[in-house]
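Report on one structure; see the data block that follows.
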């Protein structure tokens, strides 16, 4: 269990979607960087996406991942997401929504359909401490430069499982 960052979260139905609210607390004396957006291929270029990875996570459970994780058919390459800084002692408040009923998705593709007996969910969020060796700018049509870290030591916060809300 990590002591440099803490992840807390809640889920609620919001129309035909599931809203996940989360807080990331930086409990260090230095900056940490947490995943901001997942990145996916768009033709020969790269693009940020508002989607999060949604995949089965063992019997009766699903995982939501703001992290570079493999799909159900392991990929040779994982796509490094974009990150944002959380300065020492600060808390990042954010949220995302996913389709409800849940649909599987991963930026590298090839996910199994969500099992029909899902009752709980787990949240995963990738982060790293301190500055990376460098920031690479990927070729993109995004309005802002698409920068991803290189030479960093990724860590993973994982919390849950929590019961999924009922309709």
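The values are calculated or read from the model by the stated rules, or taken from the named source; none is laboratory data. Computed from a predicted structure; not experimentally measured. FYI the Cβ positions are ideal-geometry reconstructions off the backbone, even for glycines, and counts take in every protein chain you see.
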Considering residues of region 61-88 that are farther than 23 Å from residue 151 by Cβ and at pLDDT 95 or above only, the residue surrounded by the most Cβ atoms within 10 Å (Cβ to Cβ):
64
Name the residues in region 157-167 that are in contact with a strand residue (DSSP E or B) (Cβ under 6 Å, 6 or more places away or on another chain) and modelled with pLDDT under 95, would you?
160, 165
Only listed residue being over 20 Å from residue 111 (Cβ atoms), modelled with pLDDT of 95 or more and either surrounded by fewer than 16 Cβ atoms within 10 Å (Cβ to Cβ) or in contact with a strand residue (DSSP E or B) (Cβ under 8 Å, 6 or more places away or on another chain) (or both), chosen from 26, 56
26
Within the bounds of region 7-24, is there any residue that is out of contact with any helix residue (DSSP H, G or I) (no Cβ under 8 Å at 6 or more places or on another chain) and more than 30 Å from residue 167 (Cα to Cα)?
no
I'd like to check something: does region 139-162 contain any residue that is loosely packed, with under 14 Cβ neighbours inside 10 Å and farther than 23 Å from residue 46 by Cα?
no
Take residue 43 and decide whether it is modelled with pLDDT under 95 and in contact with a strand residue (DSSP E or B) (Cβ under 9 Å, 6 or more places away or on another chain).
no
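Yes/no matrix, rows are residues, columns are (1) within 23 Å of residue 129 (Cβ to Cβ); (2) within 17 Å of the chain's Cα centre (by Cα):
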position	(1), (2)
9	yes, yes
45	no, no
49	no, yes
54	no, yes
86	yes, yes
Determine, yes or no, whether residue 153 is free of Cβ contacts under 8 Å to residues at least 40 places away in the same chain, closer than 17 Å to residue 34 by Cβ and under 18 Å from the mean Cα position of the chain (by Cα).
yes
Members of region 110-125 found to be assigned to a loop (DSSP other than H, G, I, E, B) and more than 22 Å from residue 73 (Cα to Cα), listed by number:
119
Go through region 89-133 residue by residue and tally those that are farther than 23 Å from residue 147 by Cα and touching a residue at least 24 places away in the same chain (Cβ under 8 Å).
20
